[in-house]
Each structure stands twice: as C-alpha cells, then as structure tokens.
2 protein chains.
Amino acid sequence: MLLNLSHTEENYIKAIYHLEQDGKPVSTNDLSELLKTAAASVTDMLKKLKQKKMVHYKAYYGCNLTEAGRKGALMIIRRHRLWEYFLSKKLGFSWDEVHDIAEELEHVGSTSLIDKLDAFLGYPRFDPHGDPIPDEKGHIVQQQNKLLSEIPLHLPVEVVQIGDQSAHILELLSDKNIRIGTLLEVRKRFTYDQSLEIKTGSKSITQISKELSQNILVKDHE
Amino acid sequence: MLLNLSHTEENYIKAIYHLEQDGKPVSTNDLSELLKTAAASVTDMLKKLKQKKMVHYKAYYGCNLTEAGRKGALMIIRRHRLWEYFLSKKLGFSWDEVHDIAEELEHVGSTSLIDKLDAFLGYPRFDPHGDPIPDEKGHIVQQQNKLLSEIPLHLPVEVVQIGDQSAHILELLSDKNIRIGTLLEVRKRFTYDQSLEIKTGSKSITQISKELSQNILVKDHE
DNA sequence: ATAAAAATTTAGACAAATCTAAAAAATATA
DNA sequence: TATATTTTTTAGATTTGTCTAAATTTTTAT
C-alpha cells in the first residue's frame, strides 16, 4: 500500500471525494448511506482518517478531504477507471459489468502496476462510462461533454449541445425527435460506415449517420 | 468470493496445498513458518477451516485438504499464475517482479474475470516461472521438464536431459561445458534466429542456436 | 423562542485474525 | 522406561471495522 491505507479507508476517501461538490463539508449521514454502513461506524472512521491527516473533521460538522486525502482519492479513482477500461476493452466485459470487478482491483496497490497498465492501454483518458481517468500525477480533466460518436453502447446519455447549428441538421434532428435534453442510448454501432442505431426516450429506435453522431454533444445521464 | 473464503483463508489453503507432498499431513509448525504466523494462530485458523470443510484436521496430528479445499487451492493457484503471466507478457514486468503483485491480484474473486483473462492471454499452460497453470476445471498438468527454447529470461534452470543423443550434439555440448546437472540462465533471446545467450554455472557466457536449445531439457532450479 | 425532529456522537459489544505466555501432548533420548 | 525436548494447543489480549442503543447536539417548525 503506497498510501498506507486499508481497503476500507480507501473506500471512505473515495466516497468522500465523490460526495464533495464545491467546498461544502460531507455529512456523516451521506457517507453512511453511500457506504451502507451505520452512521456510528462512519464517525469512528472519520476520527481515524483525521488522525492520518486524510480529512478535516469536526464533530457535528462534517468532513472534507485534506490535500493528501484528495491525492489519495484521485489515485484510487485512477486505478478503478484504468481497470474498468482494461476489463471492457481488453477482456470484453460490457460497460455495466466492469464496475464491481474494478471495485476489487482498485485496491491492489502497486504504483508500477498501475503505471504499466496505463501504458499498456495506451494512456486512455476516459473510462468505459465516459468518466475521465486521472494521470499518474493525479491530474484529472474536467468532466466534459462528449460526441455521441464516442459514447459506449448502452450508456444512457442526455443531449446537451449540437455542434453544427445549420438548418439542415436541425431539420434532420427535428424529424428524429432529438433536441437538447433528449435521453439517448446507443444500441448498435455498425463498423462498415460507423452509423449508429439509437434508442430515444422510452421507445423509438432510429439510425444516425457518422456525420450526425459527430455533431451531437451529450453528457452522462446522472 | 466464489469460495466463501477470506483472503487469509485463501492464503492458508494455498499454503497447505504447497506443503502437501504425497498424502502426509501438514504440520502446524510448517504452516506457521511458511506463513510467518504464530503457531497458535495457525491452530485457530485450522479449526475454522475444518468447520468450513476445507481441511481434515485433528489436534496434535496435522491437516490435509479436503476435496473442496484442493479445488479451492487450485483455483487460487490458477488466478495467481494467470496474473503472473499477464504481468510478465503484457505489462512487461520481469519474471522476478511478478510474484508479489500476483499475490494480491489472486484474491480478486470473480470467476468470469479469470476465465476471460485466460482467454485474453491465449490459454497459456505455464506461468513465467515455468509452473503449470490449472485450467478452469482445476486440472493441472504434472510439472514437467521443458525445452530450453521455451524458458523465460533470467530463470535459473538445471539441465536434466538431452533430446537428441547423437555424438554431434554431445560434442558441441561438451565444448560448451554443458552436461546433465549444469545450471543455466537465459540472458538474451535474439529474435532474428532465436538463438540464445546463456550463462552457465557461475561465470561463462555462451551462445546457443535455436536447434540446440530445442534439444536441451531443463527443470526449474528452485 | 422553545419544543419536536433529525443528525451525530458516545458507550459498550462482537467477529476476524493476530499475538504472547502457559499448559498439555507427542516425540526423542538416555 | 523415565525424563527431557519439541510441538501443539489453550487462555487471555489486542486491533480493525463493524453493530445497536442511548445520549447529545443541531436543525426545523410551531
């Protein structure tokens, strides 16, 4: 363990990282719910993580990661997402199967293992869910909108922007009932012309050309 | 965990498997030494493993794996050796770096993960140390002598047999000071003609052609 | 502003895996 | 065979991460 953290401690700081939006403190209860652990147990762990200087913690107030804690969390997220990428791209797991396995693999704590895995995979910047992978220094790109052409199969996404705003494209989109806020899911990707078969909303299926898919910007649907 | 065993319990049955030569019971002390754990702790664990029907155990007598225990041990060894192969062949670790990392990876317990990894690697039958990899049913080939042409770099081996017994080959071997019992280590493998550069005994370096390397049978030098 | 509700912490306990020290059993030796 | 030595087990503690129940603090609502 390079971080001198137990598996459990790693899970806590990862959870705190995910709950920490803006600078607001993370509540004991939210952690308790996310980790499916009694609130009393969370309190105990927060005291220990404070001792290890991984979190700032004040009774009845909540916690925030210290700089060391944030670095640690990013390393765990890096491991998790690289393993997800490996499982999906190399072993052929579907994007919805990889999370639980990566949850275990992420705690194997050899830095050289992860760096070599990163190199082997070709330094991917996004995992199969479209989430950014921190680099070896813990730098992470801001979660950004992606092109529909780059979205994995069966991942629910929401349309947030249209690249080319010409009337022609809007006509086409309107005909397909696609607009900002529409929920989509890529069902098939045809290698021949890179056209997509997508499901919009709850039922209808439609075909999208490569050109069109490169002009639809989407983001993960929560 | 498919086997319902903790990491620690898995380590115990793996250790028992390795100590169990012929049918003789494995002593508490031997386990204690191999696992670097106090004998008293081993006794406690053996009682628990007996309850879980992984071992036969009688106080002051020793233990043996049950059929379930043996199956479990072989699965752990399978995971260990497949990860070693992956680390060595795909990530570029040297054969002496892979053991400790595999020791951690072997406890990640998804069966489909290991079976897909096996397929991804092309169903290798030996790990980087030359040890056989059990298949998905737990079948393991008997440890056998291998051709020098198939030995990984830097692995110390001992010559046990010469394939072609012609005088010509023996003349060549005698000139190179190689005979049954000689210790060798492959230092380099030239892709061009698959010739090898080997170290014999303690000092001398010599070159071996592909043909010759395919007629020298070796075994691991523990 | 004060009582009721919600969130959090404290207290005390438990299971897993470990330890040391002491007791008991098995083995070796004289 | 009787005794000494070695091996193994039992007894009693410790650490980590967890729990429930009760106490306390904070927040919400009247």
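The values are calculated or read from the model by the stated rules, or taken from the named source; none is laboratory data. Every value quoted in this text rests on a predicted model; they were computed, and no experiment measured them. Cβ placement follows ideal geometry from the backbone for every residue including glycine, while neighbour counts extend to all protein chains displayed. Keep in mind that these areas ignore ligands, DNA and RNA; they rest on the heavy atoms of the full protein, side chains included. Shrake-Rupley method; radii C 1.70, N 1.55, O 1.52, S 1.80 Å.
Taking region B:8-36 as the range and being within 11 Å of DNA strand C (Cβ to nearest atom) and surrounded by fewer than 14 Cβ atoms within 10 Å (Cβ to Cβ) as the test, the residues that pass are B:8, B:36. Taking residue B:109, is it within 14 Å of another protein chain (Cβ to nearest Cβ) and either of a type outside the set (A, V, I, L, M) or surrounded by 15 or more Cβ atoms within 10 Å (Cβ to Cβ) (or both)? Spelling it out, residue B:109 is indeed within 14 Å of another protein chain (Cβ to nearest Cβ) and either of a type outside the set (A, V, I, L, M) or surrounded by 15 or more Cβ atoms within 10 Å (Cβ to Cβ) (or both).
Does region A:133-143 include one or more residues that are more than 30 Å from residue A:74 (Cβ to Cβ) and of a type outside the set (S, T, N, Q)? No; the residues of region A:133-143 include none that is more than 30 Å from residue A:74 (Cβ to Cβ) and of a type outside the set (S, T, N, Q). Number of residues in region A:105-133 that are more than 16 Å from the chain's Cα centre (by Cα) and charged (D, E, K, R): the value is 3.
Which residues, taken from region B:17-42, are under 22 Å from residue B:71 (Cα atoms), within 13 Å of DNA strand D (Cβ to nearest atom) and out of contact with any Asp or Glu (no Cβ under 7 Å at 6 or more places or on another chain)? B:24, B:25, B:27, B:28, B:30, B:31, B:34, B:35, B:42, listed by residue number. Is region B:15-32 home to any residue that is without any contact (Cβ under 8 Å) to a residue 60 or more places away in the chain and under 22 Å from residue B:114 (Cα atoms)? Scanning region B:15-32, I find at least one residue that is without any contact (Cβ under 8 Å) to a residue 60 or more places away in the chain and under 22 Å from residue B:114 (Cα atoms), so the answer is yes. Taking the stated definitions as given, is residue A:96 among the charged types (D, E, K, R), part of a loop (DSSP other than H, G, I, E, B) and within 14 Å of another protein chain (Cβ to nearest Cβ)? So residue A:96 passes the test.
Scanning region B:65-86 for residues that are under 16 Å from the mean Cα position of the chain (by Cα) and among the hydrophobic types (A, V, I, L, M, F, W, C), we see that the one that is farthest from residue B:5 (Cα to Cα) is B:86.
If you check B:199, B:188, B:176, B:146, which single one turns out to be open to solvent by 90 Å² or more (accessible area, probe 1.4 Å) and charged (D, E, K, R)?
Details: B:199 fails: open to solvent by 90 Å² or more (accessible area, probe 1.4 Å); B:176 fails: open to solvent by 90 Å² or more (accessible area, probe 1.4 Å); B:146 fails: open to solvent by 90 Å² or more (accessible area, probe 1.4 Å).
After applying the criteria, what remains is B:188.
Conditions tested, residue by residue: (1) open to solvent by 30 Å² or more (accessible area, probe 1.4 Å); (2) closer than 24 Å to residue A:107 by Cβ; (3) away from DNA strand D (no atom under 16 Å from the Cβ).
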site	(1), (2), (3)
B:45	no, yes, no
B:57	yes, no, no
B:64	no, no, no
B:86	no, yes, yes
B:103	yes, yes, yes
B:116	yes, yes, yes
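Across region A:71-88, what is the total count of residues that are more than 17 Å from residue A:8 (Cβ to Cβ) and free of Cβ contacts under 8 Å to residues at least 60 places away in the same chain? Qualifying residue count for the region: 7.
Here the condition is being part of a helix (DSSP H, G or I) and closer than 24 Å to residue A:91 by Cα; of B:91, B:74, B:46, it holds for B:74 alone.
For residues in region B:32-59 being within 24 Å of the chain's Cα centre (by Cα) and of a type in the set (Val, Ile, Thr), which is nearest to residue B:18 (Cα to Cα)? Steps first, answer last, please.
Taking region B:32-59 first, the residues within 24 Å of the chain's Cα centre (by Cα) are B:32-37, B:54-55.
Checking the rest, the ones that are also of a type in the set (Val, Ile, Thr) come to B:37, B:55.
Numbers: B:37: 16, B:55: 14 Å.
Checked region B:32-59; the qualifying residue nearest to residue B:18 (Cα to Cα) is B:55.
Taking strands (runs of 3 or more DSSP E) as the structural unit, those lying wholly within region B:106-222 and holding at least 3 residues that are among the β-branched types (Val, Ile, Thr) and in contact with a strand residue (DSSP E or B) (Cβ under 9 Å, 6 or more places away or on another chain) correspond to B:157-162, B:205-208.
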